[in-house]
Amino acid sequence: MGAVQSRRRSSAATDRGAVDLVSSSDLPLRVAEPQFDDSISEVFPKLYIGQQSAALNLSLVRKLGIRAFVNCSNRAAPEFLGQERDLSCLAVPVHDDPKEAISQHFERAAQWARTKDGLTLLVFCMSGISRSATIVLVLLMKNRGMTLAAAHARLRECRPKVRPNKGFAMQLLQYELKLRGCCSMRRSGNRLVPL
């Protein structure tokens, strides 16, 4: 998907200056029109998970007071990050592929998030289902001391559609074993289930 793709807008949308753009990884993404839907979910105060459209929605970002982002995709960060002085973003450049070694980013993401303590954080990927969910689960385990089962239950409570892919689920189980010396969940097919 090397070429930039964009959807055609009605002339009314174009007149308002709206841009809806999907970009390759080497081009900045444009800010999307405001959307207040299920593109973002609050996990805990000051911690959100969402899809890329939420991160691109500057009015939503401002309304929620989001100042830090973890971009769990292979796409460029939202364009406005370079224009807003007090916003920061950590890139976790991974594909939603079970073979992808997302665990190589676990410690770095947890440490970076700790340095942003007190700031409102949005962890996002394209759909807010697999990659961002995996990193949020890591943050909950490492920085809040939760078991994977408790973190997973909390995340599913606020965003029921989350589901780390089977490779990410296996890496989460291995990470919990490393952190706690035991696992609170197991894989059943493509899902994580409590023990």
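Bear in mind that the values in this text are calculations on the coordinates, not laboratory data. Given the structure is predicted, the values throughout are model-derived calculations rather than measurements. All Cβ positions, even for glycine, are placed from backbone atoms using ideal geometry, and neighbour counts span all protein chains on display.
Within the stretch 102-133, whose backbone N sits under 16 Å from a point 7 Å along Cα→Cβ of D86? Those under the cut-off are 116-122.
Taking amide H positions as modeled 1.01 Å from N, with prolines and chain starts lacking one, the residues under 5 Å from V70 and 5 or more places away or on another chain are L90, L122, V123, F124.
Per-residue extension of 0.36 nm, minus the Cα-Cα distance of Q104 and S59, leaves a gain of 12.9 nm for this segment. Cβ crowding within 10 Å ranks S188, S39 as S188, S39, fewest other Cβ atoms first. Amide H contacts of V43: Y48, I49, each under 5 Å away and 5 or more positions distant or on a separate chain (H built 1.01 Å from N in the peptide plane; Pro and chain starts excluded). Taking the empirical scaling 2.2 N^0.38 Å for compact globular proteins as reference, the stretch 122-195 has a Cα radius of gyration ratio of 0.97. Remark: R67, R85 ranked as R85, R67, counting other beta-carbon atoms within 10 Å and listing the fewest first.
Ordered by the number of other Cβ atoms lying within 10 Å of each residue's own Cβ, fewest first, E100, E42, E176 fall into the sequence E42, E100, E176. The ratio of the alpha-carbon radius of gyration of the stretch 19-194 to the globular-protein estimate 2.2 N^0.38 Å is 0.97. Only one residue of L121, Q52, G167 has its Cα farthest out toward the positive end of the dipole of the stretch 19-194, where Lys and Arg carry +1 and Asp and Glu -1 on Cβ, and that residue is G167.
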